[in-house]
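Participant: Structure below; questions to follow.
Nothing in this text is a laboratory measurement; each read-out follows from the coordinates by a stated rule. Small disclaimer: the values here were computed from a predicted structure and weren't measured. Reconstructed Cβ throughout: ideal geometry from the backbone, glycine too, with neighbour counts over all protein chains shown.
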Amino acid sequence: MGVNDIIARISPSSMARLADVISGILWHTPISRQRLVLENLRCAFPETADAYLLEIGRRSLREMIFSLLELLYWDARWKVNRESAREELLESISLSGDTSYLFSDRPVLVLTAHYSNFTLMAGYISMRRAPVGVILKRIKNTFIQSRLDRIFSDKFLIPLYIDDKGTVHKARSILSENGVVITLLDQHFGRKGRVKVDFFGRPAYAAAGMVRLARRMGADIVPAFARRRKQDLIIEVLKPIWSHGMELSDYEIVQRFTNLLEDLLREEPIPWAWMHRRWKV
């Protein structure tokens, strides 16, 4: 029995226990960035006690570990039996909200965030329609990066690395074919094309380049989030922020999405990645 066969036999409950163990160890290492996590949470929830904020941070790290294990699990299942894994993955994820735009025959820009298993959400969309590209930053860890590249290609996703030449051209090509481009709008990718938004009452930068491109090409701009209910993953699709004919600026679109994300974090903060410098301006 190979490694993939072993991983493919892991149950969701075993993955959850393993995530508990790994995150419990990592939380006390520099990788957890406890100080940065606490600073970010204080910015968002200034009236909440530090002890509770640290608990949110610890559980947020656990969610990230579980999402990574989940990706490895489905990757292994994919290698063992591709067709069976595809059918089971599609059945294991459910949809809520206004999905008509997401699976229409029109080009779509999906706005999402580092929330729960957004990568699995992107993979699910790519198995329901094509072509699908996702705007990303490269990870410094070359082993994880190479693994993610393979997972993306296996799941029919087109990785669009923001620092690579031709990324905008590839995104334009996908939209011109009535495909989907997915971008994480809770970060900025450098000075070019960014706008300053209000996030929890503080200034933060967000990337607006893909929003500008989508508007020029008449693509619907649709927010969507991966949300977890126990071990089940749900893709929550919201009403479009922008569609052809609406008069909104790039800034207004990005700010409206930021407001939606803020509302989501007030309701359920744990699934978000709190360990990056979101308020770095």
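Participant: Residues in region 129-146 that are surrounded by fewer than 17 Cβ atoms within 10 Å (Cβ to Cβ) and in contact (Cβ under 8 Å) with a residue 12 or more places away in the chain: how many?
Facilitator: 4
Participant: Name the residues in region 99-114 that are among the polar types (S, T, N, Q) and under 16 Å from Pro131 (Cα atoms), would you?
Facilitator: Ser104
Participant: Tell me, please, whether a residue that is within 24 Å of Ile241 (Cα to Cα) and among the hydroxyl-bearing types (Ser, Thr, Tyr) can be found in region 86-96.
Facilitator: Within region 86-96, one or more residues are within 24 Å of Ile241 (Cα to Cα) and among the hydroxyl-bearing types (Ser, Thr, Tyr).
Participant: Select the helices (runs of 4 or more DSSP H) contained entirely in region 37-133, then report the ones holding at least 1 residues which are β-branched (Val, Ile, Thr).
Facilitator: 50-80, 118-128
Participant: Could you list, in sequence order, all residues of region 1-36 that are among the hydroxyl-bearing types (Ser, Thr, Tyr) and part of a loop (DSSP other than H, G, I, E, B)?
Facilitator: Ser11, Thr29
Participant: Kindly indicate whether any position in region 238-256 is touching a residue at least 40 places away in the same chain (Cβ under 8 Å), crowded, with 17+ Cβ neighbours inside 10 Å and touching a Leu at 6+ places or on another chain (Cβ under 6 Å).
Facilitator: No: region 238-256 contains no residue that is touching a residue at least 40 places away in the same chain (Cβ under 8 Å), crowded, with 17+ Cβ neighbours inside 10 Å and touching a Leu at 6+ places or on another chain (Cβ under 6 Å).
Participant: Looking at the structure I just gave you, is Ser100 surrounded by fewer than 16 Cβ atoms within 10 Å (Cβ to Cβ), without any contact (Cβ under 8 Å) to a residue 40 or more places away in the chain and under 20 Å from Glu236 (Cβ atoms)?
Facilitator: yes
Participant: If you go through region 163-188 one residue at a time, how many are in a loop (DSSP other than H, G, I, E, B), on the phi < 0 side of the Ramachandran plot and more than 15 Å from the chain's Cα centre (by Cα)?
Facilitator: Residues in region 163-188 being in a loop (DSSP other than H, G, I, E, B), on the phi < 0 side of the Ramachandran plot and more than 15 Å from the chain's Cα centre (by Cα): 5 in total.
Participant: State the number of residues belonging to region 205-218 that are touching a residue at least 24 places away in the same chain (Cβ under 8 Å) and either assigned to a helix (DSSP H, G or I) or over 18 Å from the mean Cα position of the chain (by Cα) (or both).
Facilitator: 9
Participant: Please state which of the following conditions Glu262 fails to meet, knowing it meets all the rest: (1) exposed (fewer than 15 other Cβ atoms within 10 Å of the Cβ); (2) under 24 Å from Gly193 (Cα atoms).
Facilitator: (1)
Participant: Something else: Is it the case that region 104-127 has a residue that's among the acidic types (Asp, Glu) and within 19 Å of the chain's Cα centre (by Cα)?
Facilitator: No; the residues of region 104-127 include none that is among the acidic types (Asp, Glu) and within 19 Å of the chain's Cα centre (by Cα).
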